[in-house]
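The structure appears below as structure tokens.
The values are calculated or read from the model by the stated rules, or taken from the named source; none is laboratory data. Just so it is clear, the model here is predicted, and its values are computed rather than measured. For neighbour counting, all protein chains shown are included, and Cβ atoms are generated from backbone atoms with ideal geometry for every residue, glycine included. Ligands, DNA and RNA are excluded from the accessible area calculation, which covers all protein heavy atoms including side chains. Shrake-Rupley method; radii C 1.70, N 1.55, O 1.52, S 1.80 Å.
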Amino acid sequence: SREMSSHTMSGADAAWLHMDRPTNLMVINSVLWFDRPIAIEDLREIYRERIVDRFDRFSQLAVEGTTGPRWEDVEIDLDLHIHHVALPAPGDRRALQELVSDRIAMPLDRARPPWEVYLIDGFGDGCAVLTRMHHSITDGIALARVMLTLADGADGGSFSRAGHNGSRLGTLAHGTVS
């Protein structure tokens, strides 16, 4: 457990936060798809160890203050950020695109740190993972760093808990970012 505090938001992050509109969301969406299923418990552990515990912004709430927006540390409940859904039949690319399209049209909940993940079962023989994060918590370079920490071998380490039968996240992933 860490000490809770408040941090001034940078001008760029505040601009991204204030540009957010229901018809023009400032949310970065990425989809990774996998050749095999991943257990939700393993995905939660990976996000906790590799994202939430490493990057403070994923445990901070964007709060409007009298002197401008700031980041406020909060306790994270991964069950509110990581969701488990099933892809409708036939579980093909079109079904995945429709499900993702529906999800990315929804604004992020401003009552929580501005990110969420969907484990999507039933994509072919495997699954997909949709990660959504508000642009105020990451820019292009930082996003690349964050997403690379999800892959095995990031920072010289290996993490083989994801997936069944010892399969590893980095060796199974294919993906896109929009």
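If I go through the range 99-143 residue by residue, how many of them are in contact with an Asp or Glu (Cβ under 6 Å, 6 or more places away or on another chain) and closer than 24 Å to Asp77 by Cβ? Within the range 99-143, residues that are in contact with an Asp or Glu (Cβ under 6 Å, 6 or more places away or on another chain) and closer than 24 Å to Asp77 by Cβ number 3.
Which of the residues that make up the range 95-114 are over 18 Å from Phe34 (Cβ atoms) and open to solvent by 90 Å² or more (accessible area, probe 1.4 Å)?
Going residue by residue through the range 95-114, those that are over 18 Å from Phe34 (Cβ atoms) are 98, 101-102, 104-114.
Once the filter is applied, which keeps residues that are over 18 Å from Phe34 (Cβ atoms) and open to solvent by 90 Å² or more (accessible area, probe 1.4 Å), the range 95-114 yields Glu98, Asp102, Met106, Arg110.
Within the range 99-150, take every residue that is free of Cβ contacts under 8 Å to residues at least 60 places away in the same chain and of a type in the set (Asp, Glu) and give me the one that is nearest to Ser59 (Cα to Cα). Ranking the qualifying residues of the range 99-150, first place goes to Glu116.
Tell me whether the range 118-127 contains one or more residues that are of a type in the set (D, E, K, R), surrounded by fewer than 13 Cβ atoms within 10 Å (Cβ to Cβ) and over 19 Å from Leu43 (Cα atoms). No, every residue in the range 118-127 fails to be of a type in the set (D, E, K, R), surrounded by fewer than 13 Cβ atoms within 10 Å (Cβ to Cβ) and over 19 Å from Leu43 (Cα atoms). In the range 25-48, of all residues being touching a residue at least 40 places away in the same chain (Cβ under 8 Å) and open to solvent by 70 Å² or more (accessible area, probe 1.4 Å), the one that is farthest from Gln97 (Cα to Cα) corresponds to Arg36. Given the structure, is Val146 modelled with pLDDT of 95 or more and either assigned to a helix (DSSP H, G or I) or open to solvent by less than 10 Å² (accessible area, probe 1.4 Å) (or both)? Judged against the criteria, Val146 is not a match.
Taking residues in the range 79-91 that are crowded, with 19+ Cβ neighbours inside 10 Å, and partners anywhere that are aliphatic (A, V, I, L, M) and not in a strand (DSSP E or B), the pairs with Cβ atoms closer than 7 Å and at least 6 places apart or on different chains are Ile82/Leu43; Leu87/Ala95; Leu87/Leu96; Leu87/Leu99.
In the range 8-24, how many are surrounded by 14 or more Cβ atoms within 10 Å (Cβ to Cβ) and either polar (S, T, N, Q) or free of Cβ contacts under 8 Å to residues at least 40 places away in the same chain (or both)? Before you say what the answer is, go through the steps one by one.
Quick first cut of the range 8-24, residues surrounded by 14 or more Cβ atoms within 10 Å (Cβ to Cβ) only: 9, 13-17, 20.
Then drop every residue that is not either polar (S, T, N, Q) or free of Cβ contacts under 8 Å to residues at least 40 places away in the same chain (or both), which leaves 15.
The number of residues fulfilling the criteria is 1.
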